[in-house]
Amino acid sequence: MSATKRRKELQKKGRGAKFVPDEEPKQKESREIHRLLQVLGGKAKRKKLLSPKGMNVRPMMEVVKGAAFDILQVAGGCPASLRPGRWLDLYSGTGSVGIEAISRGCSEVHFVEMDPWVFWMSIGKDEPFDYISVTPPYTQVDYGVLMDQISKSALIGKDTFIVVEYPIRTDMLESCGCLVKIKDRRFGRTHLAIYGPEWAKKKRKSEKTLQTVVGKV
């Protein structure tokens with residue numbers, strides 16, 4: 001029976017005013033993937049990475065990712081590659097940051113996307129990580145609370161480096177636990193803060209001084 005005929009039948013029975021025709025079942029939204037990203041350096045350089053279309057997953061921009069790894073390598077005293085170590089990729093999404101870390105010399109990478117139990121109960125009991133990348137969806141986290149939790153956790157040690165991607169008009173502290181901010185850069189509406197040990201900050205200052213002296217010679 002058509003919706004019109006059914007409505008007329010119900011009106012005769014005094015129920016026509018409340019009748020709502022059945023909605024057609026909604027079709028599932030189709031999702032697609034496409035090659036959008038690539039590994040920028042290391043042994044897997046130029047390898048293509050698959051990324052979903054749309055804004056549900058927002059990978060770190062390549063210019064931001066490249067700058068972050070360049071800063072980490074120089075700060076760690078090894079401009080050609082990362083110091084060997086363990087990397088924790090929080091809010092990993094496509095995994096492009098962690099894959100970049102493996103390509104550039106990290107011995108192991110832990111990817112954490114949507115399971116808080118894995119983060120706090122499993123990984124949190126492990127030894128400190130050498131590197132941590134934090135790239136959350138901007139509007140769904142409180143950066144003050146997030147960084148406070150990380151600073152008080154067993155995830156960081158005295159030689160840990162932390163890469164934090166954050167939006168414009170967000171105030172980031174000058175330190176995170178025992179670590180200090182060694183770099184803060186802006187890429188349009190995206191900001192990048194890098195925390196590390198005090199010795200890495202001193203190393204960057206000494207290298208800048210040396211470059212200035214060489215430039216004057």
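Quick one: is Gly66 within 30 Å of Lys201 (Cα to Cα), in contact with a helix residue (DSSP H, G or I) (Cβ under 8 Å, 6 or more places away or on another chain) and modelled with pLDDT of 90 or more? First the steps, then the outcome.
Details: within 30 Å of Lys201 (Cα to Cα): yes; in contact with a helix residue (DSSP H, G or I) (Cβ under 8 Å, 6 or more places away or on another chain): no; modelled with pLDDT of 90 or more: yes.
Spelling it out, it is not the case that Gly66 is within 30 Å of Lys201 (Cα to Cα), in contact with a helix residue (DSSP H, G or I) (Cβ under 8 Å, 6 or more places away or on another chain) and modelled with pLDDT of 90 or more.
Working only within the range 183-199, note down all residues that are touching a strand residue (DSSP E or B) at 6+ places or on another chain (Cβ under 7 Å) and either crowded, with 23+ Cβ neighbours inside 10 Å or under 17 Å from Thr135 (Cβ atoms) (or both). Answer for the range 183-199, where residues must be touching a strand residue (DSSP E or B) at 6+ places or on another chain (Cβ under 7 Å) and either crowded, with 23+ Cβ neighbours inside 10 Å or under 17 Å from Thr135 (Cβ atoms) (or both): Lys183, Asp184, Arg185, Arg189, Thr190, His191, Leu192, Ala193, Ile194, Tyr195, Gly196. For the range 155-167, indicate whether the set of residues that are exposed (fewer than 14 other Cβ atoms within 10 Å of the Cβ), in a loop (DSSP other than H, G, I, E, B) and not aromatic (Phe, Trp, Tyr) is non-empty. No, the range 155-167 has no match at all. Among the conditions (1) within 14 Å of the chain's Cα centre (by Cα); (2) at pLDDT below 90; (3) over 25 Å from Gly188 (Cα atoms), the only one that Phe119 does not satisfy is (1). Restricting Ser133, Ser81, Ser151, Ser107 to those that are within 21 Å of Ser51 (Cβ to Cβ), at pLDDT 90 or above and among the polar types (S, T, N, Q) reduces the list to Ser133.
The values are calculated or read from the model by the stated rules, or taken from the named source; none is laboratory data. Being a predicted model, the structure only gives us computed values, none of them experimental. All Cβ positions, glycine included, derive from the backbone under ideal geometry; neighbour counts span all protein chains shown.
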